[in-house]
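Okay, here's the structure, questions in a sec.
The values are calculated or read from the model by the stated rules, or taken from the named source; none is laboratory data. Note that the coordinates shown come from a computational prediction; the quantities given were computed from them, not determined experimentally. Heads up, the Cβs are rebuilt from the backbone with ideal geometry, glycines too, and the neighbour counts pull from every protein chain shown. Quick note on the areas: whole protein, heavy atoms, side chains included, nothing else; ligands and nucleic acids left out. Shrake-Rupley method; radii C 1.70, N 1.55, O 1.52, S 1.80 Å.
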Amino acid sequence: MPHTPFELDGKTVFVAGHRGMVGSALLRRLAQEGVKLLTAGRAELDLRDQAAVREWFAANRPQVVFVAAAKVGGIAANNALRGQFIYENLAITTNIIHAAYASRAEKLMFLGSSCIYPRLAAQPISEDSLLTGPLEPTNEPYAIAKIAGIKMAEAYRSQYGVDFVSVMPTNLYGPGDNYHPEHSHVVAALIRRFHEAKLSKAPSVVVWGTGAPRREFLYVDDLADACVFLMKNYSDAGPINIGTGEDITIAEFAAEVAVTVGYTGEIEFDASRPDGTPRKLLDVGRLSRLGWRASTSLRDGLRLAYGAFLDNEAFDKKNAAADLVTS
Ligand code: GDP
């Protein structure tokens with residue numbers, strides 16, 4: 001039966017999606033706990049394959065499951081790859097939640113996203129605003145798959161009495177992010193664009209949209225810490241928000257990235273690109289009342305993320321050079 005505090009110590013823990021930005025942060029954080037970590041690479045287990053997932057869970061029997069596997073992307077990827085986003089996320093979600101139930105996992109945490117809330121939800125967005133209004137159209141397929149996951153965890157909890165919970169992180173960034181020029185989220189996109197502009201001494205950098213939308217950004221290691229905290233201390237049916245409680249405009253954010261990267265040219269806005277939701281600041285009251293708050297400021301987090309980007313770039317260059325030598 002669901003209860004808190006939930007004892008993690010000594011448990012076998014499966015992090016689904018461990019190669020992603022969130023999953024790898026969870027592995028870093030869980031290394032500080034006395035748990036036995038289980039992971040499965042893509043070649044070993046395709047999470048979209050129902051039979052394969054069922055067999056893997058039956059063979060490995062994790063006691064605790066973090067569902068950090070998802071097909072994710074920024075506003076352009078969500079809008080363009082609508083079919084893939086709804087199918088892959090629904091498949092991954094339903095396969096894992098059902099297999100965890102069937103193999104008698106003790107606790108499961110499903111990770112959603114703040115885009116599940118109505119486009120024009122009252123700010124800051126309370127967990128109770130779920131399903132009270134229309135979604136933002138650019139990421140509706142992704143949001144629908146994530147809402148299905150929340151409702152599935154809730155339904156299994158109510159019908160089978162299992163301890164399955166859902167957490168809703170705000171916009172995330174940090175090491176392991178995807179820097180694809182078109183498909184990435186705004187933080188990775190701007191780190192890369194400002195960095196390249198600095199190197200090429202470009203007079204200006206283009207930022208999508210009007211610059212007016214407001215976003216809340218959480219450093220991914222803070223998210224991982226919140227997830228471990230909630231795994232131990234949260235056991236309710238509804239989702240719980242994870243954020244910093246503060247947001248800034250995209251224009252202000254772009255200026256912060258310019259400072260971090262050391263770019264001194266102009267910033268231009270391309271209003272032909274979509275703005276997406278005007279604002280999505282999460283109400284983190286529930287989380288703070290439980291006793292957790294974010295500890296990394298945006299300035300520090302951006303510095304760490306830029307450092308990770310540079311390391312990654314150096315690594316890619318070294319590998320590219322090695323390829324040239326061997327081929
Ligand atoms: P969203 O929070 O789901 O809209 O995800 P994104 O991280 O993709 O976008 C956040 C905001 O940043 C939106 O208003 C975008 O229009 C804006 N933005 C500005 N420049 C960029 C960019 O180069 N890439 C992305 N993905 N978003 C950008």
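Which ones in segment 114-136 are open to solvent by less than 20 Å² (accessible area, probe 1.4 Å) and in contact with a helix residue (DSSP H, G or I) (Cβ under 8 Å, 6 or more places away or on another chain)?
Residues satisfying the conditions are Cys115, Ile116, Tyr117, Pro118, Ala121, Ile125, Glu127, Glu136.
Identify all residues within segment 281-327 that are at pLDDT 95 or above and not in a helix (DSSP H, G or I); write none if there are none.
Leu281, Leu282, Asp283, Val284, Gly291, Trp292, Arg293, Ala294, Ser295, Thr296, Ser297
Considering only segment 263-276, I want to know if a residue exists there that is under 19 Å from the mean Cα position of the chain (by Cα), away from the ligand (no atom under 16 Å from the Cβ) and either not in a helix (DSSP H, G or I) or not hydrophobic (A, V, I, L, M, F, W, C) (or both).
First pass over segment 263-276, keeping only residues under 19 Å from the mean Cα position of the chain (by Cα): 276.
Among the residues that remain, those that are also away from the ligand (no atom under 16 Å from the Cβ) are: none.
Checking segment 263-276: not a single residue is under 19 Å from the mean Cα position of the chain (by Cα), away from the ligand (no atom under 16 Å from the Cβ) and either not in a helix (DSSP H, G or I) or not hydrophobic (A, V, I, L, M, F, W, C) (or both).
Criterion first (modelled with pLDDT of 95 or more, open to solvent by less than 60 Å² (accessible area, probe 1.4 Å) and out of contact with any strand residue (DSSP E or B) (no Cβ under 8 Å at 6 or more places or on another chain)) does Thr249 satisfy it? Can you show your working first?
Numbers: modelled with pLDDT of 95 or more: yes; open to solvent by less than 60 Å² (accessible area, probe 1.4 Å): yes; out of contact with any strand residue (DSSP E or B) (no Cβ under 8 Å at 6 or more places or on another chain): no.
Answer is no for this residue.
Among (1) open to solvent by 50 Å² or more (accessible area, probe 1.4 Å); (2) modelled with pLDDT of 95 or more; (3) in a loop (DSSP other than H, G, I, E, B); (4) among the hydrophobic types (A, V, I, L, M, F, W, C), which single condition is Met1 missing?
(2)
Is one or more of the residues making up segment 38-51 closer than 20 Å to Val162 by Cα, part of a helix (DSSP H, G or I) and either without any contact (Cβ under 8 Å) to a residue 60 or more places away in the chain or not acidic (Asp, Glu) (or both)?
no
Applying the selection to segment 254-276, what residues are touching a helix residue (DSSP H, G or I) at 6+ places or on another chain (Cβ under 7 Å), at pLDDT 95 or above and under 23 Å from Gly301 (Cβ atoms)?
Passing the criteria: Ala254, Glu256, Val257, Ala258, Thr260, Val261, Gly262, Tyr263, Ile267.
A further question follows. Do you know which residues across segment 4-27 are assigned to a helix (DSSP H, G or I) and open to solvent by less than 20 Å² (accessible area, probe 1.4 Å)? It would help to see each step written out before you state the result.
In the first step, residues of segment 4-27 are kept if they are assigned to a helix (DSSP H, G or I); the result is 21-27.
Matches in segment 4-27: Gly23, Ala25, Leu26.
Tell me, which residue of segment 82-97 that is of a type in the set (S, T, N, Q) and open to solvent by less than 30 Å² (accessible area, probe 1.4 Å) is farthest from the ligand (Cβ to nearest atom)?
Filtering segment 82-97 for residues of a type in the set (S, T, N, Q) gives 84, 89, 93-95.
Then keep just the ones that are open to solvent by less than 30 Å² (accessible area, probe 1.4 Å); that gives 89, 93, 95.
Values: Asn89: 14, Thr93: 19, Asn95: 25 Å.
The residue in question is Asn95.
Could you tell me whether segment 98-107 includes any residue that is away from the ligand (no atom under 16 Å from the Cβ), of a type in the set (Ser, Thr, Tyr) and outside any helix (DSSP H, G or I)?
Yes: one or more hits.
Just name the residue that is nearest to Arg215 (Cα to Cα) out of those in segment 52-81 that are part of a helix (DSSP H, G or I) and within 14 Å of the ligand (Cβ to nearest atom).
Ile75
Counting residues that are away from the ligand (no atom under 11 Å from the Cβ) and under 29 Å from Gly265 (Cβ atoms), which strands (runs of 3 or more DSSP E) fully inside segment 112-227 reach at least 1? Explain how you work it out, then say what you get.
Details: elements: 163-169, 171-173, 204-208, 217-219.
The strands (runs of 3 or more DSSP E) meeting that bar are 204-208, 217-219.
Please work out if Ala76 is within 17 Å of the chain's Cα centre (by Cα) and surrounded by fewer than 21 Cβ atoms within 10 Å (Cβ to Cβ). Give the derivation first.
Numbers: within 17 Å of the chain's Cα centre (by Cα): yes; surrounded by fewer than 21 Cβ atoms within 10 Å (Cβ to Cβ): yes.
Judged against the criteria, Ala76 is a match.
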